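Asker: Pasting a structure here, questions to come.
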Amino acid sequence: MRSVDLPDALPDGSRFLHIGLPKTGTTALQGALDRARPRLEELGAHNVGKGRHEMRVAQLAAGGLEDYWTSHAEWEARWQELATDFRTSAARCTFWSSESLCVAQAPRLPYLAEQLGQSTRIVVTLRPLAPLMVSQWQQWLRRRGTESLEEWAANQFAAVTVGGDVTVDYTRFMPVLHRFSLRRIIAEWGAVFGEENILLVVPDPADRQRTLRVFENLMGVPEVLEAVPEGNASLPYPQAEMLRHFNRAWTANGGDHPTWMAAMNVLARQPLRDYTTTLPAHPIRAPRWVAERANEYVAAWNTAVEESAVTVVGDLGDLLVDPAEHADEVDVPATVDVESAGRLMDIAFRAALRHTAGQASTASPDLAGLGGRDLLGELGRRVRRRVVRR
């Protein structure tokens with residue numbers, strides 16, 4: 001392992017891939033990179049991604065795009081365009097940032113190397129595991145999760161041992177503690193791109209701007225990145241629990257996953273984020289046993305890092321937390337204020353209406369084949385759909 005305070009600028013013609021990890025400030029970083037795009041291009045740093053984050057394109061590239069998402073052909077075409085741009089760019093420094101890339105499993109990595117270039121550097125941003133697990137639980141709620149934080153955490157620890165053995169079967173999406181394992185990243189990505197080409201970025205608890213400075217140094221540019229509000233605020237604990245119970249009710253009544261994802265994960269995503277910013281803070285803290293267990297995994301991962309040829313920016317010790325700062329037990333909210341409940345119901349209901357209208361517009365029957373009563377019924381439904389769309 002090589003440890004540095006800040007990295008040197010990469011040689012001219014270099015390419016790097018920022019693969020996350022999720023919930024490590026990626027949204028804010030990508031916002032800063034997108035906002036500074038014109039200036040970065042002037043300075044010779046080329047961002048091949050469009051906008052802040054092309055999530056579906058990255059999921060497809062990593063082999064982790066769910067079948068129920070439409071427009072696969074469109075995203076495949078965009079992926080090929082992006083990969084060609086990345087591989088053939090003549091810029092002094094070329095890069096792409098997407099946390100979705102870290103879901104790529106070992107068999108997929110040679111394909112990524114072929115498409116993007118074998119000499120690509122891999123950059124990984126990190127965060128202490130205990131709070132990261134809380135963030136992942138909240139993210140899981142946005143994918144129809146139904147377990148409480150402690151139930152979910154217990155299942156995650158059971159799915160992957162501290163030694164790195166995965167005890168559950170999985171196909172497309174690996175367990176959280178395997179996905180975030182620095183041991184796995186070094187072993188799998190290092191085998192394809194070279195351990196010496198992996199850069200791990202440990203956050204500085206006293207300097208929230210440090211990650212921006214790290215990326216500027218890598219690109220060999222002056223301080224042009226400015227912090228951008230993440231726009232990805234976490235739900236306060238009461239509202240998170242309300243969403244969890246909504247998910248339980250949907251699942252118990254036979255609701256399907258693709259419909260939930262289309263309505264709640266896509267159509268309700270931005271309204272839910274916007275509403276979250278108006279709510280009083282109620283941070284979610286992991287109980288002490290979760291913090292202690294998380295530290296066991298981090299200690300084992302740090303040992304693997306120290307025995308590797310990767311470069312570490314910062315102090316690996318900052319990935320550990322002090323269990324004494326975590327309560328033995330954390331009270332789980334059982335109520336939510338009625339105004340908040342009403343707003344959340346409105347967001348979910350409007351998302352469902354929009355999803356239903358979209359589905360119906362692609363599957364309307366031929367009026368010529370309908371009888372009188374059915375014809376009137378269908379005409380009425382079409383009028384109501386137009387009202388909803390307005």
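Quick note: the coordinates plus some simple rules give every number you see, no bench work behind them. The structure displayed is predicted, hence computed values, not measured ones. Note that each Cβ is placed from the backbone with ideal geometry, even for glycine, and that neighbours are counted across all protein chains shown.
Asker: Taking all pairs of different Cα atoms in the chain, averaging 1/r and flipping that mean, what Kirkwood radius in angstroms comes out? Numbers along the way, then the final one.
Answerer: On the way: mean 1/r = 0.0436 Å⁻¹.
By the Kirkwood definition, the hydrodynamic radius is 22.9 Å.
Asker: Kindly put Phe180, Phe86 in sequence by how many other C-beta atoms sit within 10 Å of each C-beta, fewest to most.
Answerer: Ranked by crowding around the Cβ, least crowded first: Phe86, Phe180.
Asker: Simple spin-label model, 7 Å along Cα-to-Cβ: Ala206 to Arg143 in nm?
Answerer: A separation of 3.7 nm, rounded to one decimal place.
Asker: For segment 91-222, what are the per-bin percents of Cα-Cα distances with bins 5 Å wide, up to the bin holding the maximum?
Answerer: Per 5 Å bin, starting at 0, the Cα pair percentages come out as 2, 8, 16, 20, 19, 16, 11, 6, 2, 0.
Asker: Here's a follow-up. Taking R0 as 51 Å, what's the FRET efficiency between Leu279 and Gln80 from their Cβ-Cβ distance, rounded to 0.05?
Answerer: Once the sixth-power term is evaluated, E becomes 0.75.
Asker: Then there's this: For segment 1-44, what is the charge dipole size about the Cα centre, in debye to the nearest 20, if Lys and Arg each add +1 at the Cβ and Asp and Glu each add -1 at the Cβ? Present the calculation step by step, with values, prior to reporting the outcome.
Answerer: Numbers: 6 positive and 6 negative charges, 46 e Å.
Roughly 220 debye, rounded to the nearest 20.
Asker: Using mean Cβ contacts within 10 Å as the protection proxy, how do 222-229, 150-157, 108-115 order, highest first? Could you put the intermediate results ahead of the total?
Answerer: Working: 222-229: 14.4, 150-157: 18.1, 108-115: 16.0.
Ranking, from highest mean packing down: 150-157, 108-115, 222-229.
Asker: Let me ask something else about it. Calculate the FRET efficiency for Thr251 and Ala299 from the Cβ-Cβ distance with a Förster distance of 35 Å, rounded to the nearest 0.05.
Answerer: 0.45
Asker: When Lys and Arg each count +1 and Asp and Glu each count -1, what net charge do the other residues less than 14 Å away from Trp250, Cβ to Cβ, add up to?
Answerer: +4
Asker: Does anyone have the angle between helix 288-306 and the longest principal axis of the chain? Alpha-carbon axes, 0 to 90°, nearest 10?
Answerer: Relative to the chain, helix 288-306 is tipped by roughly 50 degrees.
Asker: To one decimal place, what Kirkwood hydrodynamic radius in Å is obtained for segment 1-77 from all pairs of distinct Cα atoms? Working shown, then result.
Answerer: Details: mean 1/r = 0.0670 Å⁻¹.
The Cα-based Kirkwood calculation yields 14.9 Å.
Asker: Turning to a different aspect of this structure: Using only the alpha-carbon atoms, how far is helix 72-88 inclined from the longest principal axis of the chain? Give it as 0 to 90 degrees, nearest 10.
Answerer: With both axes taken from Cα atoms, the answer is about 20 degrees.
Asker: Of all DSSP beta bridges in the chain, what percent run antiparallel (nearest 5)? All intermediate terms of the calculation are to be shown ahead of the outcome.
Answerer: Working: 2 of 23 bridges.
Rounded to the nearest five, the antiparallel share is 10 percent.
Asker: For the chain, take the longest principal axis of its alpha carbons; what is the angle in degrees between that and the long axis of helix 338-361, to the nearest 10 within 0 to 90?
Answerer: 80
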